[in-house]
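Have a look at the structure below before the remarks.
The values are calculated or read from the model by the stated rules, or taken from the named source; none is laboratory data. Note that the structure is a prediction, hence the values are computed from the model and not measured. Ideal geometry is used to build each Cβ from the backbone, glycine not excepted, and the neighbour counts take in all protein chains shown. Ligands, DNA and RNA are stripped out before the accessible areas are found, and what is left, the full protein with its side chains, is counted by its heavy atoms. Shrake-Rupley method; radii C 1.70, N 1.55, O 1.52, S 1.80 Å.
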Amino acid sequence: ISQFECSGFYSSTANKVVYLYADNNTEDLYTTVGTVSGSSFSFGSTAIVGSLPTGNFNGGDACVGVDNNGVVVLSYLAQDITPAYTLFSQAGTLSGTTITWGSPSQVSNVTCLNNAGNECSIAPIASGKMIIARATRSDSASNADKGIFAIVTSSGTTVSNGSVQIYSSTASRY
């Protein structure tokens, strides 16, 4: 695991920290959940993210957030499908230090910049709602070379993606 292969999120509501990372050899995505107690952490077992689309995954192309209801939402790029670097979201329920994953959902018809070095953003904005922000590739079928966002609504392990909106007319990486 390199410094660009992982991301984390702290939920003050759930009092948990969720780490998301990719294995450099297999490129599978994994999560580890920790419980915060004072100034220490107690970690559960590392688990592979289930139900992923076929393909390899890079932790630098993924991000994780936890909404106010304790639902974990991922955003990631599937590299080995057509078209490559298609954006997906996926929800899971958090119980103790275990996450139960639902099915992935493609976020519109966009392909995003890969090897983005933690340029994926996700944040809770309301109960059961998160916002995902990314930059699209020049060969994206829609919204090419733009900064985009989408609202993701989650309920348990089910996720539905809102329409993609443009927040920047360029896909600048920095």
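Key figures
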item: The stretch 28-42 and the stretch 92-167: distance between their alpha carbon centers, rounded to Å; result: 23
item: Full-extension gain in nm, THR46 to THR98, via 0.36 nm per residue minus C-alpha separation; result: 17.8 nm
item: Rg over Rh, two decimals, the stretch 9-85 (C-alpha only, Kirkwood Rh); result: 1.02
item: Accessible surface of the chain, 1.4 Å probe, proportion on carbon and sulfur as whole %; result: 48
item: Cα→Cβ-extended label distance, 7 Å offset, between SER168 and SER39, nm; result: 3.7
item: Near-label residues of the stretch 132-159 by backbone N, under 16 Å of a point 7 Å along Cα→Cβ of SER121; result: 132-136, 146-152
item: Rounded accessible area of ASP145 (nearest 10 Å², 1.4 Å probe); result: 70
